[in-house]
């Protein structure tokens, strides 16, 4: 499984590297750290499935959003299975369809235009890898995003089998500072003073309490960067 995701990450880098500024862009460096933190978990865990059944909330559609879902798409296409993506923005779904059709032409890739929580509550498949990345995080008001991430997690976690993985994007640990940019060109330094702020903040506290069916996995939990929370079901 590690080789599968190593290969998928290599394909991702090759695609992203077609854009001349990818290796120089600071945000792209943070995305690579996220990808590598995910790929490295397969050195230490068992993923007991022959095929991938992937669900992503907040569709991957363009280079500016990091396109993390493309790594999952490459892996799913190679291993077999299917990938579902849900978003409330039809334009993003259209862009995603075009991107994945070009890069993963044999992937069973299905797109849905609806609210992610309702979608997960009524999901017709049992996924074994879920990437929660909807509801943009606003560090000046992070609680709506965290609540939405919690609702997504609660909608899907009991349906998943032992060994399954959930990833939650956009989280910052205490000790991190973020240069927050505004649309008018202004910026502000925001220091993270809570233990964690992000889409997965409520889920993180729930899991590390030790009384859930999930374990926190990975070695990438450090201040100073945007991290994905990664969980595996016991």
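Observations
- Some residue of region 156-176 being in contact with a helix residue (DSSP H, G or I) (Cβ under 6 Å, 6 or more places away or on another chain), in a helix (DSSP H, G or I) and modelled with pLDDT of 95 or more: yes
- Strands (runs of 3 or more DSSP E) contained entirely in region 189-234, each with at least 2 residues that are within 20 Å of residue 33 (Cα to Cα) and modelled with pLDDT of 95 or more: 196-198, 227-233
Conditions tested, residue by residue: (1) within 26 Å of residue 115 (Cβ to Cβ); (2) in contact with a strand residue (DSSP E or B) (Cβ under 6 Å, 6 or more places away or on another chain); (3) in contact (Cβ under 8 Å) with a residue 12 or more places away in the chain.
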| position | (1), (2), (3) |
| --- | --- |
| 6 | no, no, yes |
| 10 | no, no, no |
| 18 | no, no, no |
| 48 | no, no, yes |
| 52 | yes, yes, yes |
| 71 | yes, no, yes |
| 86 | yes, yes, yes |
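- Residue in region 158-183 that is nearest to residue 224 (Cα to Cα), counting only those that are surrounded by 20 or more Cβ atoms within 10 Å (Cβ to Cβ) and in contact (Cβ under 8 Å) with a residue 60 or more places away in the chain: 169
- Evaluation of residue 103 against (1) farther than 20 Å from residue 35 by Cβ; (2) touching a residue at least 40 places away in the same chain (Cβ under 8 Å) (one fails), failing number: (1)
- Search result, residues across region 90-119 that are farther than 15 Å from residue 63 by Cα, buried (at least 16 other Cβ atoms within 10 Å of the Cβ) and touching a strand residue (DSSP E or B) at 6+ places or on another chain (Cβ under 7 Å): 107, 109, 111, 112, 116, 119
- Identity of the residue in region 78-103, over 18 Å from the mean Cα position of the chain (by Cα) and under 15 Å from residue 53 (Cα atoms), that ends up modelled with the lowest pLDDT: 80
The values are calculated or read from the model by the stated rules, or taken from the named source; none is laboratory data. Values in this document were obtained by computation on a predicted structure and should not be read as measured data. Reconstructed Cβ throughout: ideal geometry from the backbone, glycine too, with neighbour counts over all protein chains shown.
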